[in-house]
1. Extending each Cα 7 Å along its Cβ direction at residue 493 and residue 520, get the distance between those two points in nm, one decimal.
2. So if the hydrodynamic radius of the chain is defined as the Kirkwood radius over C-alpha pairs, what does Stokes-Einstein give as its diffusion coefficient at 20 °C and 1.002 mPa s, in µm² per second?
3. Return one number: the angle in degrees, 0 to 90 and rounded to the nearest 10, between the long axis of the Cα atoms of helix 34-45 and the longest principal axis of the Cα atoms of the chain.
4. Quick one: angle between helix 304-321 and the longest Cα principal axis of the chain, in degrees between 0 and 90, rounded to 10, please.
5. Does anyone have the angle between helix 2-11 and the longest principal axis of the chain? Alpha-carbon axes, 0 to 90°, nearest 10?
6. Where in segment 122-136 does the amide nitrogen come within less than 18 Å of the point 7 Å from the Cα of residue 471, taken along Cα to Cβ?
7. Could you tell me how far the Cα centroid of segment 138-179 sits from the Cα centroid of segment 358-384, in Å?
8. Under the rule of -39500 (n - 2.57) per DSSP H run of 4 or more residues, summed and divided by the residues of the chain, what mean residue ellipticity at 222 nm is obtained, to the nearest 500 deg cm²/dmol?
């Protein structure tokens, strides 16, 4: 419980003053709860019929004074409650906003290998559901724990003022209730149920179903695949029901425990009064207060489950924040040129080796093509240059500088990417092109669109450059998406271009337009091109043929096409397939 408080305060470090102030105000507000009880004690003690020995009988002036005190107390509590809510809620939303931005920043700096281990649904669940849970309940947990602990102290002190025996017995009764609190908070662990993890699974299954719906319809598999999603939802439902029902017995016992404490206070007050060990007015006040004296700690008991869920949510957020970052040097080593060199580079995905001790150089402002069978490491080389992963051994140099010593932002700033699978954000055409240069003027965007061969079809859209492209660019054709991706690469104007064979799955008309756009993009750039159509490689400066984790051939098309090896085999195969007739 205290660990949860510490974790939340540590997470809310930037807003800790606000939260601590809200807790201080909460303490004062809790202390004011006993004011009506004290006034009740005074009133009862001032009534001659109840306390014949009173030296100051109750008068209307005294009643008016008590009423004023009660009203002032009530107004102060309202003001304090308002201040607590503003401070706590404001701090909570600000803290979780910062945490979400921090998670986004962390994800930018980790190896892409992490995303092979962590599912999209789990990440989305952590950033949305877990963060929202802390937002809605976690910050409130601080107050509940503070008020609960404080009410125990105030309640026992209050009882001890009237009779230490009652206070001692109530203190003993609170001990088993404390262990019931711990029982409730650990139920999820004891049943080996992780609500947040299952929420991640449900999110992943739902996203997969929606994204793959067009494929499922094609094969008439929507019902079968939806069954998997339904099973996932049913599993979450069963888990939540089991978890909720598991809380019923201990929470009922906690509530029963406080009812027993109330009964004990009333019975002991009556017994001690009957045996003249306790004044009547004290007994009445104890009986009245017994119903509300420990209400805050009872509420804390109900919140015990939320406390554990909050801790799990915090742990899941911390797991992302604690992911080892790539070994990034934030020094000031910036290359003066943009040639690319691999020196004895090896790399493996987990334990599966992909590249073994490869070396090559791409001169500045030249084009190098990567050729090879599927799985030979072409895409891996491109990803390693951009430091989406870090190499196992060897060095990758740009302009003679190890990319691990180049500031990561500088590295990415000087690279443009154009791949087959184009991703466009669900935004306007204008903003998707401006990703290459967010500060670009409208004239610059139009010029880039013209050079990329997409200005004409953009202006024919209903809203022109302000047309929404849909999620992933679904409102556009494949060729249109490709040309927009080239336009934003032109906007970036980076000296290094990493290029997949973007025309591999494009019709002839679009292929010509895209090839013209690429000519604009690739002028005076250092280019590494993943090649599938060997017919497009006749004018590249060098071709690297990847085979079994290494480079088996290096040269230009004219020499490799007649040299025995994998390249000639692939070239002959493509030549033969080009003559097929259907």
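1. Distance between label points: 1.4 nm.
2. 71 µm²/s
3. Computed tilt is about 10 degrees.
4. Compared with the principal axis, the helix lies near 30 degrees.
5. So the helix axis and the longest Cα principal axis differ by about 50 degrees.
6. Within reach of a label on residue 471, which here means backbone N under 18 Å from a point 7 Å along Cα→Cβ, segment 122-136 contributes 122-129.
7. Each part reduced to its Cα centre gives a spacing of 69 Å.
8. -19000 deg cm²/dmol, from helical runs alone.
Every read-out reported here was derived from the displayed coordinates using simple, explicitly stated rules and does not represent laboratory data. Nothing here was measured: the structure is a model prediction, and the numbers come from that model. Neighbour counts are summed over all protein chains in view; Cβ atoms, including those assigned to glycine, are modelled from backbone coordinates with ideal geometry.
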